[in-house]
Amino acid sequence: MNIHSIPTAEAGATLTIDLDAIVANWRDLAARVRGRCAAVVKADAYGTGLEVTGRALAKAGADTFFVAQIEEGIRLRAVLPGEAIYVLNGLPPGTESTFATHRLKPVLGSMEEVRQWAAFNADRSSPRPSALHVDTGMNRLGLSMEEAEALAADPALLNAIGARLLMSHMACADEPGHPLNAIQILRFTAVRSMFPHLPASIANSASILRLGREADCNLVRPGIALYGGEALCGQPSPMRPVVRLDARIIQIREGHAGETVGYGATWRLMRPSRLAVVGVGYADGIHRIASTRDGVPGFQGLAAGQRVPLLGRVNMDLMTFDITDLPDGAIKRGDDITLIGGGIPLDETARWFSTNAYEVLTSLGRRYARSYVGG
Ligand SMILES: *Cc1c(COP(=O)(O)O)cnc(C)c1O
């Protein structure tokens, strides 16, 4: 498929995902770092499609993958028989055999999980593999520094969990000047010295792009940068854009000066206007906060190479754009208005939605015609 493929007739919009760009972004990151480069593909590979993206990255050479949930691990295992798959959210009670069946590695993030995995491995001379997560400043998942120290001093327990990786997670890598970065790296250095035989991993996308090579350790874990999103507060992403969303125009209509547009009559037309209605809305992941508000224009699309503003509210399944300033005949019913990508940076969309690129991508809806490029 290529990027100009015609949207399927039934869908309100076409979501185009550039697998070559994802692969290029992975190679770019892998070339920057000292250690090896994994791929974080949780939340359906940040909305791009777990199986398709996972396969493309494995083909490019990625051999270590991180998902958040067990179900994601099972889906990924079905298409990647040989790669290492770590489950970040850990080991819920009663799921041990599911991890074993699908050869998933739990990221053990508490002493309860450590004991649970050790007990499950009690009858084995070579324990099933896992990762050990130590908290260095997030206060989310991970053993405390004290717990890690106690575990390091308990070789029987440590041997029983089959740890293959020592990891932690950065809280503020997207703010390179934040004092917590240096503190976390210092703490992680101390943790590494407790477990000198384990390969170590702490870097996410922002850490790779911003914090220099010190945090690379043995394995880096980029997510958002693979998908073209912003990893740094307020700076354009250096990565290749991956996602593009084109909404098809359902109808073009005329509006008179003085009339209002849409629910709540929140936008009043100041001139005779041409309006283009597209069949995409908040049910598809266009956040309602991108509506016009108190006379302030909202979200902008791109039609025939020009910016066109949204008028009124983002509805569940519809939005109305002002195309008055386009030359006569520049667009017609059935043409597209680009909502994300194709000249509208993902990070700009995130600003319209008052959020970050992560949330834009992971809330992309399921009603789009999906078109994959490359891979
Ligand atoms: C999501 C996640 C990552 C990837 O973070 P990005 O900012 O998307 O690069 C890495 N490690 C852990 C533990 C995560 O939860």
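Size descriptors for the stretch 230-275 (Cα atoms only): Rg and Dmax, in that order, 18.0, 44 Å.
Over all pairs of different C-alpha atoms in the stretch 161-200, the reciprocal of the mean inverse distance, the Kirkwood hydrodynamic radius, equals 11.1 Å. May I ask for the percentage of alpha-carbon pairs in the stretch 65-177 that lie more than 22 Å from each other? Distances greater than 22 Å cover 32 percent of the Cα pairs. Net charge dipole, the chain: roughly 480 debye, given to the nearest 20, about the Cα centre with Cβ charges of +1 for Lys and Arg and -1 for Asp and Glu. For the stretch 98-149, the solvent-accessible area works out to 48 Å² per residue, with a probe of 1.4 Å and every protein chain left in place.
Between the helical axis of 50-60 and the dominant principal axis of the chain, each derived from Cα atoms, what acute angle in degrees is found, rounded to the nearest 10? In the chain, helix 50-60 runs at an angle near 70 degrees to the longest axis.
When nucleic acids and ligands are ignored and a 1.4 Å probe is applied, residue 169 ends up with an accessible area of around 40 Å². The coefficient of translational diffusion for the stretch 201-304, derived via Stokes-Einstein from the alpha carbon Kirkwood radius under 25 °C and 0.890 mPa s, stands at 140 µm²/s.
Excluding ligands, DNA and RNA, the accessible surface per residue across the stretch 1-78 is 42 Å² with a 1.4 Å probe.
The simple Förster model, with R0 at 30 Å and r as the Cβ-Cβ distance, assigns residue 259 and residue 235 a FRET efficiency of 0.10.
Between residue 122 and residue 270, full extension at 0.36 nm per residue minus the direct alpha carbon distance yields a gain of 45.8 nm. Largest first, the extents of the alpha carbon coordinates of the stretch 1-128 on the three principal axes equal 57, 40, 24 Å.
Helix 111-120 axis versus longest C-alpha principal axis of the chain: approximately 70°, rounded to the nearest ten. Here residue 332 is the anchor, and the aspartates and glutamates within straight C-alpha reach of less than 16 Å, apart from those fewer than 8 places off in the same chain, are 246, 254, 322. Rounded to whole Å, the principal axis extents of the Cα atoms in the stretch 71-111 read 31, 16, 13, largest first. Helix 179-194 and the long axis of the chain differ in direction by around 30°, with both axes built from C-alpha atoms.
Placing unit charges on the Cβ atoms only, positive for Lys and Arg and negative for Asp and Glu, gives the stretch 91-197 a dipole magnitude near 420 debye about its Cα centre.
Accessible surface calculations at 1.4 Å, restricted to protein heavy atoms, place the stretch 296-375 at 45 Å² per residue. Shown for the chain: the carbon plus sulfur share of the solvent-accessible area, taken with all protein chains present and a 1.4 angstrom probe, equals 52%. Built from the Cα atoms of the stretch 224-375, the convex hull projects on average onto 9.3 nm², one quarter of its surface area. Its alpha carbons considered, the stretch 120-260 gives a radius of gyration followed by a Dmax of 22.3, 80 Å.
Cross-link reach is defined here as a Cα-Cα straight distance under 20 Å, omitting same-chain residues fewer than 8 places apart; for residue 105 the lysines meeting it are 42.
In the chain, helical runs assigned H by DSSP with n ≥ 4 each contribute -39500 (n - 2.57); averaged across all residues and rounded to the nearest 500, the mean residue ellipticity at 222 nm is -8000 deg cm²/dmol. The C-alpha radius of gyration of the chain, expressed as a fraction of 2.2 N^0.38 Å, stands at 1.14. Once you sort the root eigenvalues of the Cα gyration tensor of the stretch 326-370 as a ≥ b ≥ c, which label holds: rounded (a/c under 1.5), prolate (a/b larger than b/c) or oblate (the other case)? Here the stretch 326-370 falls in the oblate category.
The values are calculated or read from the model by the stated rules, or taken from the named source; none is laboratory data. Since we're looking at a predicted model, the values are computed, not measured. Every residue, glycine among them, receives a Cβ derived from its backbone with ideal geometry; neighbour counts consider all protein chains shown. Note: accessible area is taken over every heavy atom of the protein model, side chains too, but ligands, DNA and RNA are not part of it. Shrake-Rupley method; radii C 1.70, N 1.55, O 1.52, S 1.80 Å.
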